[in-house]
Amino acid sequence: MTGAKSTGAIGGLHGLRMVMRIAMSTFYLVAGYLHLTAPQGFVLIVPNYIPWPESIVFLTGLCEILGAVGLMIPATRRASGIGLAAYAVCVFPANINHALNMIPIGGLPSSWWYHGPRLAAQPLIVWWALFAGDVFSWPFRQSQRRASSLATESPPQTNRPPEQ
(Lines give C-alpha, C1' and ligand atoms only; values in the text may rest on other atoms or scores of the structure.)
Protein backbone atom coordinates (compact mmCIF):
# COMPACT_ATOMS: atom_id res chain seq x y z
CA MET A 1 0.00 0.00 0.00
CA THR A 2 1.20 3.54 -0.67
CA GLY A 3 1.61 6.24 1.94
CA ALA A 4 -2.02 7.31 1.51
CA LYS A 5 -4.22 6.81 4.51
CA SER A 6 -6.92 4.16 3.93
CA THR A 7 -10.34 4.60 5.44
CA GLY A 8 -11.83 1.45 3.95
CA ALA A 9 -14.12 0.98 0.97
CA ILE A 10 -17.12 2.40 2.77
CA GLY A 11 -16.56 4.71 5.66
CA GLY A 12 -17.48 7.96 7.27
CA LEU A 13 -19.60 10.52 5.52
CA HIS A 14 -18.97 8.99 2.09
CA GLY A 15 -20.26 5.61 3.25
CA LEU A 16 -23.29 7.12 4.96
CA ARG A 17 -24.15 9.11 1.85
CA MET A 18 -23.77 6.03 -0.36
CA VAL A 19 -26.04 3.91 1.85
CA MET A 20 -28.64 6.69 2.00
CA ARG A 21 -28.40 7.18 -1.78
CA ILE A 22 -28.95 3.48 -2.46
CA ALA A 23 -31.86 3.35 0.01
CA MET A 24 -33.52 6.43 -1.51
CA SER A 25 -32.99 5.16 -5.06
CA THR A 26 -34.48 1.79 -4.14
CA PHE A 27 -37.48 3.42 -2.46
CA TYR A 28 -38.18 5.71 -5.41
CA LEU A 29 -37.69 2.92 -7.97
CA VAL A 30 -40.29 0.80 -6.17
CA ALA A 31 -42.64 3.76 -5.65
CA GLY A 32 -42.29 4.80 -9.30
CA TYR A 33 -42.96 1.26 -10.47
CA LEU A 34 -46.11 1.15 -8.30
CA HIS A 35 -47.26 4.53 -9.62
CA LEU A 36 -47.07 3.12 -13.14
CA THR A 37 -48.39 -0.39 -12.55
CA ALA A 38 -50.93 0.09 -9.74
CA PRO A 39 -51.94 3.76 -9.86
CA GLN A 40 -55.42 3.43 -8.30
CA GLY A 41 -54.39 4.17 -4.70
CA PHE A 42 -52.26 7.12 -5.74
CA VAL A 43 -55.05 8.55 -7.89
CA LEU A 44 -57.37 8.43 -4.85
CA ILE A 45 -55.17 10.76 -2.79
CA VAL A 46 -54.64 13.42 -5.47
CA PRO A 47 -56.50 16.51 -4.20
CA ASN A 48 -59.64 17.48 -6.14
CA TYR A 49 -58.16 20.81 -7.23
CA ILE A 50 -55.39 19.04 -9.21
CA PRO A 51 -56.58 18.30 -12.77
CA TRP A 52 -56.03 15.00 -14.58
CA PRO A 53 -55.10 12.83 -11.57
CA GLU A 54 -54.34 9.73 -13.67
CA SER A 55 -51.86 11.66 -15.82
CA ILE A 56 -50.33 13.32 -12.75
CA VAL A 57 -49.80 9.93 -11.08
CA PHE A 58 -48.21 8.57 -14.27
CA LEU A 59 -45.88 11.59 -14.50
CA THR A 60 -44.95 11.37 -10.82
CA GLY A 61 -44.09 7.71 -11.31
CA LEU A 62 -41.77 8.64 -14.20
CA CYS A 63 -40.21 11.39 -12.07
CA GLU A 64 -39.55 8.94 -9.25
CA ILE A 65 -37.89 6.43 -11.56
CA LEU A 66 -35.80 9.06 -13.36
CA GLY A 67 -34.78 10.61 -10.04
CA ALA A 68 -33.83 7.22 -8.59
CA VAL A 69 -31.68 6.34 -11.58
CA GLY A 70 -30.18 9.83 -11.80
CA LEU A 71 -29.20 9.72 -8.14
CA MET A 72 -26.91 6.78 -8.90
CA ILE A 73 -25.14 8.49 -11.83
CA PRO A 74 -22.45 10.95 -10.71
CA ALA A 75 -23.05 13.35 -13.61
CA THR A 76 -26.77 13.69 -12.79
CA ARG A 77 -26.66 13.10 -9.03
CA ARG A 78 -26.92 16.73 -7.91
CA ALA A 79 -29.77 17.59 -10.29
CA SER A 80 -31.59 14.40 -9.28
CA GLY A 81 -31.20 15.20 -5.59
CA ILE A 82 -32.66 18.67 -6.14
CA GLY A 83 -35.42 17.21 -8.32
CA LEU A 84 -36.38 14.56 -5.76
CA ALA A 85 -36.40 17.17 -2.98
CA ALA A 86 -38.71 19.37 -5.08
CA TYR A 87 -40.81 16.31 -5.88
CA ALA A 88 -41.27 15.58 -2.15
CA VAL A 89 -42.50 19.16 -1.67
CA CYS A 90 -44.86 18.94 -4.66
CA VAL A 91 -46.55 15.71 -3.54
CA PHE A 92 -47.05 16.95 0.02
CA PRO A 93 -50.62 18.17 -0.74
CA ALA A 94 -51.53 14.58 -1.71
CA ASN A 95 -50.11 13.33 1.59
CA ILE A 96 -52.12 15.95 3.48
CA ASN A 97 -55.26 15.03 1.52
CA HIS A 98 -54.65 11.36 2.32
CA ALA A 99 -54.34 12.16 6.02
CA LEU A 100 -57.15 14.67 6.45
CA ASN A 101 -59.68 12.60 4.53
CA MET A 102 -58.43 9.25 5.88
CA ILE A 103 -58.53 7.80 2.37
CA PRO A 104 -58.07 4.04 2.61
CA ILE A 105 -55.33 2.67 0.39
CA GLY A 106 -54.76 -1.08 0.34
CA GLY A 107 -52.92 -2.09 3.47
CA LEU A 108 -51.91 1.34 4.78
CA PRO A 109 -53.22 2.32 8.21
CA SER A 110 -55.82 5.07 8.21
CA SER A 111 -55.06 6.47 11.66
CA TRP A 112 -53.04 9.43 12.83
CA TRP A 113 -50.51 6.95 14.24
CA TYR A 114 -49.51 6.49 10.59
CA HIS A 115 -50.34 9.88 9.06
CA GLY A 116 -48.84 12.08 11.80
CA PRO A 117 -45.30 10.65 11.58
CA ARG A 118 -45.61 10.36 7.79
CA LEU A 119 -46.40 14.06 7.42
CA ALA A 120 -43.76 15.05 9.96
CA ALA A 121 -41.18 13.01 8.03
CA GLN A 122 -41.65 15.01 4.81
CA PRO A 123 -38.95 17.60 5.66
CA LEU A 124 -36.60 14.71 6.46
CA ILE A 125 -37.30 13.23 3.02
CA VAL A 126 -36.45 16.59 1.42
CA TRP A 127 -33.19 16.73 3.42
CA TRP A 128 -32.43 13.11 2.56
CA ALA A 129 -32.75 13.78 -1.19
CA LEU A 130 -30.44 16.80 -0.96
CA PHE A 131 -27.91 14.90 1.15
CA ALA A 132 -28.01 11.78 -1.06
CA GLY A 133 -27.70 14.02 -4.12
CA ASP A 134 -24.49 15.55 -2.74
CA VAL A 135 -26.11 18.98 -2.71
CA PHE A 136 -24.92 19.56 0.85
CA SER A 137 -23.57 17.70 3.86
CA TRP A 138 -25.42 19.51 6.62
CA PRO A 139 -25.33 18.86 9.53
CA PHE A 140 -22.16 16.83 9.12
CA ARG A 141 -19.76 19.20 7.33
CA GLN A 142 -19.44 21.40 4.27
CA SER A 143 -19.87 19.63 0.98
CA GLN A 144 -16.63 18.86 -0.82
CA ARG A 145 -17.68 21.15 -3.67
CA ARG A 146 -18.14 24.12 -1.31
CA ALA A 147 -14.98 23.36 0.67
CA SER A 148 -12.87 23.16 -2.49
CA SER A 149 -14.29 26.43 -3.83
CA LEU A 150 -13.54 28.13 -0.53
CA ALA A 151 -9.97 26.86 -0.66
CA THR A 152 -9.39 28.43 -4.10
CA GLU A 153 -10.97 31.80 -3.31
CA SER A 154 -8.66 34.64 -2.43
CA PRO A 155 -9.10 36.19 1.01
CA PRO A 156 -11.41 39.21 1.23
CA GLN A 157 -9.71 42.53 0.56
CA THR A 158 -9.81 45.19 3.23
CA ASN A 159 -8.96 48.86 3.13
CA ARG A 160 -6.97 48.67 6.35
CA PRO A 161 -3.22 49.18 6.26
CA PRO A 162 -1.20 46.11 7.25
CA GLU A 163 -0.51 45.80 10.97
CA GLN A 164 3.06 46.31 12.14
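Collect the residues in segment 31-47 that are open to solvent by 80 Å² or more (accessible area, probe 1.4 Å) and free of Cβ contacts under 8 Å to residues at least 24 places away in the same chain, keeping them in residue-number order.
In the first step, residues of segment 31-47 are kept if they are open to solvent by 80 Å² or more (accessible area, probe 1.4 Å); the result is 33, 40, 44.
Across segment 31-47, the qualifying residue is only Q40.
Any residue at all in segment 135-154 that's within 12 Å of the chain's Cα centre (by Cα) and modelled with pLDDT under 95?
There is at least one residue in segment 135-154 that is within 12 Å of the chain's Cα centre (by Cα) and modelled with pLDDT under 95.
Within segment 48-66, how many residues turn out to be open to solvent by less than 50 Å² (accessible area, probe 1.4 Å) and either among the hydroxyl-bearing types (S, T, Y) or touching a residue at least 60 places away in the same chain (Cβ under 8 Å) (or both)?
1
Does segment 46-59 contain at least one residue that is closer than 25 Å to D134 by Cβ, at pLDDT 95 or above, part of a helix (DSSP H, G or I) and more than 15 Å from the chain's Cα centre (by Cα)?
no
Looking at segment 84-114 only, could you name the residues that are over 20 Å from Y49 (Cβ atoms), modelled with pLDDT under 95 and either assigned to a loop (DSSP other than H, G, I, E, B) or open to solvent by less than 20 Å² (accessible area, probe 1.4 Å) (or both)?
Passing the criteria: P104, G106, G107, L108, P109, S110, S111.
Would you check if I73 is of a type in the set (A, V, I, L, M), surrounded by fewer than 19 Cβ atoms within 10 Å (Cβ to Cβ) and assigned to a loop (DSSP other than H, G, I, E, B)?
Criteria met by I73.
Just to be sure, is I10 within 25 Å of I96 (Cβ to Cβ), modelled with pLDDT under 95 and hydrophobic (A, V, I, L, M, F, W, C)?
So I10 fails the test.
List, please: which pairs have Cβ atoms under 8 Å, are six or more places apart or on different chains, and start with a residue in segment 17-29 that is open to solvent by 50 Å² or more (accessible area, probe 1.4 Å) and end with one that is at pLDDT 95 or above and in a helix (DSSP H, G or I)?
Every condition considered, the pairs that remain are T26/A68; F27/A68; L29/E64; L29/I65; L29/A68; L29/V69.
Exactly one condition in (1) open to solvent by 40 Å² or more (accessible area, probe 1.4 Å); (2) part of a helix (DSSP H, G or I); (3) more than 20 Å from L34 (Cα to Cα) is not met by G81; state its number.
Just one mismatch for G81, condition (1).
The values are calculated or read from the model by the stated rules, or taken from the named source; none is laboratory data. Note that the structure is a prediction, hence the values are computed from the model and not measured. Glycine gets a Cβ as well: all are built from the backbone with ideal geometry, and neighbour counts include every protein chain shown. Ligands, DNA and RNA are excluded from the accessible area calculation, which covers all protein heavy atoms including side chains. Shrake-Rupley method; radii C 1.70, N 1.55, O 1.52, S 1.80 Å.
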